[in-house]
1. With respect to Leu444, determine if the residue is farther than 15 Å from Ile320 by Cβ and hydrophobic (A, V, I, L, M, F, W, C).
2. How many residues are polar (S, T, N, Q) and part of a loop (DSSP other than H, G, I, E, B) when one looks only at segment 266-302?
3. Could you check segment 305-349 and list, in sequence order, the residues that are among the hydrophobic types (A, V, I, L, M, F, W, C) and at pLDDT 80 or above?
4. Regarding segment 217-240, can at least one residue be identified that is out of contact with any Gly (no Cβ under 8 Å at 6 or more places or on another chain), within 26 Å of Ala116 (Cβ to Cβ), buried (at least 19 other Cβ atoms within 10 Å of the Cβ) and acidic (Asp, Glu)?
5. Would you mind stating whether Leu251 is exposed (fewer than 15 other Cβ atoms within 10 Å of the Cβ), within 23 Å of Gly221 (Cα to Cα) and hydrophobic (A, V, I, L, M, F, W, C)?
6. Taking the criterion of being of a type in the set (Val, Ile, Thr) and surrounded by fewer than 14 Cβ atoms within 10 Å (Cβ to Cβ), would at least one residue in segment 181-193 satisfy it?
7. Please specify each residue of segment 194-218 satisfying the condition of being touching a Cys at 6+ places or on another chain (Cβ under 9 Å) and not in a strand (DSSP E or B).
Amino acid sequence: MKNAISSAKILESQSKPREQHQSFREQVALKSTQSKPFSSTILESKSGSETQITKNTQNLESTFDKNAELQKVDSSPKAQPSSQNPTPKPYNNFHFQDIFGNFHRFFRPYTYRFRALFVRVYPQGYCYSDDSEIVITKSHKAIISQTSYPTHAFALPRNASKARKLLESIKQCRLWARFYYQRLFKLHRVNGSLALLHQATNYYHFLSESIAALEQIRRSGLEPDYYLLAQDMPYQRQMWQILQIPESKILPLSPSRLIQAKSLIVPTLIANFESVEWRDGILLSRTLALPMLLQQFYRDFATLLPPQATQSKAHKKRKIFLTRPSGSNRHLENTKEVESIFSAFGYEIILPDELSLVEQACMARESSIIASLHGAGLSNAFFMQQGAVVFEIFPQYYHYSCPQFCALLMGCRYFYMVATTTDTSAHPQQESAYVCPHLLQKALQKLETYL
């Protein structure tokens, strides 16, 4: 691994001298041939022993631990009410209670130490045109530190049995055999620099992980000749068009092939997970943090959207409930009843899958609140204005934190309630939920005090 890393030209983050009054604010510069300021921050909670909120998420900037070369940021879920509407009830929920003030074991404050972000350039490096995120150097060393997945294809599992390790070793032998075969007979060469990003097909992972990788490259000052980008989904193609990445510079992921580029540009791919036991011994990984650089990206992205209509003041008051497609693997068991309650409170019922990326972004920008069962549609919080409200309904045993991170990252106020799972035969990630009508009405009444 040491040889592999040394073979790359590494653009490292360095910290500026700390000022006494900036205990949580320290800029990180990414050095490159065309150096530009580069800050990389994560969204997280302070330790549970703290009883007061010290920082608003909008004021967070990066900190840098010089000794450990790790990043550490203090955040809070507090968000100030919009200056245009000073009357709503203040939002203060440091311990992440639900809308009724109940505590939940999957929602707690914590501190997470996040490695500094790097943009690495590997001369004559290899990669695959798929979602494997495998990077191999010119000297045929696999870089197992670069992945957005919980585990890497070339990494042996820890604390595994001998039989499991033997099986994984056989799989890796097959990977290397595939590599050498394609290198000899089916190698695709790129005469230029190629940027490798996380190739997400899910809306949330695309808006967070793929865009975080792209934003790192943009801030580094590097200008790749080509990008390896996913274009299967309409929102992916629309994003590249909005960002003005020419189609001639985009290499397709399909068919899967081994690529060697003159310079392979690899940003840090977000891989920060914890293992969670959702129920009955069922383990799954979930994300722990998001990089703060996404906040600035989406604030800049808002300037690329069509201007708001002249009735923008009315549009900002829109209340949205995002419904899920029929046949979804996670749905509300009493969908019609739930939607009728939301409609009675003045919410528009919208299926985000029917909207383009720009339409979803404009909808979120014009909304005072977006509510939904847990799902990727809540990632539209990236486009919401500061002080808006996100309300999430969870099934009983699956509580992934990504919508919460999106909301707090953008300075929104976040609320949630936990519904009931009546059928536990499905995996927690796919379980449906029954929402008690009385509790939902009570929750929406409480939310009205924040709008």
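1. no
2. Let us first name the residues in segment 266-302 that are polar (S, T, N, Q), namely 268, 272, 275, 285, 287, 295-296.
After this cut, where a residue has to be part of a loop (DSSP other than H, G, I, E, B) as well, the list is 268, 272.
The qualifying residues number 2.
3. Filtering segment 305-349 for residues among the hydrophobic types (A, V, I, L, M, F, W, C) gives 305, 309, 314, 320-322, 332, 338, 341-342, 344-345, 349.
Within segment 305-349, Leu305, Ile320, Phe321, Leu322, Leu332, Val338, Ile341, Phe342, Ala344, Phe345, Ile349 qualify.
4. no
5. Working: exposed (fewer than 15 other Cβ atoms within 10 Å of the Cβ): no; within 23 Å of Gly221 (Cα to Cα): yes; hydrophobic (A, V, I, L, M, F, W, C): yes.
Spelling it out, it is not the case that Leu251 is exposed (fewer than 15 other Cβ atoms within 10 Å of the Cβ), within 23 Å of Gly221 (Cα to Cα) and hydrophobic (A, V, I, L, M, F, W, C).
6. Just the residues of segment 181-193 that are of a type in the set (Val, Ile, Thr), to begin with: 190.
Subsequent filtering for residues that are surrounded by fewer than 14 Cβ atoms within 10 Å (Cβ to Cβ) retains none.
No; the residues of segment 181-193 include none that is of a type in the set (Val, Ile, Thr) and surrounded by fewer than 14 Cβ atoms within 10 Å (Cβ to Cβ).
7. Answer for segment 194-218, where residues must be touching a Cys at 6+ places or on another chain (Cβ under 9 Å) and not in a strand (DSSP E or B): Tyr204, His205, Leu207, Ser208.
One line per residue, one yes/no per condition, for (1) closer than 26 Å to Leu408 by Cβ; (2) among the aliphatic types (A, V, I, L, M); (3) touching a Gly at 6+ places or on another chain (Cβ under 7 Å):
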{"residue": "Leu243", "(1), (2), (3)": "yes, yes, no"}
{"residue": "Pro255", "(1), (2), (3)": "no, no, no"}
{"residue": "Val266", "(1), (2), (3)": "no, yes, no"}
{"residue": "Asn272", "(1), (2), (3)": "yes, no, no"}
{"residue": "Ser275", "(1), (2), (3)": "yes, no, no"}
{"residue": "Ser285", "(1), (2), (3)": "yes, no, no"}
{"residue": "Met292", "(1), (2), (3)": "yes, yes, no"}
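The values are calculated or read from the model by the stated rules, or taken from the named source; none is laboratory data. Keep in mind that what you see is a predicted model, and the values were worked out from it rather than measured. All Cβ positions, glycine included, derive from the backbone under ideal geometry; neighbour counts span all protein chains shown. SASA here: full protein model, heavy atoms, side chains in, ligands and nucleic acids out. Shrake-Rupley method; radii C 1.70, N 1.55, O 1.52, S 1.80 Å.
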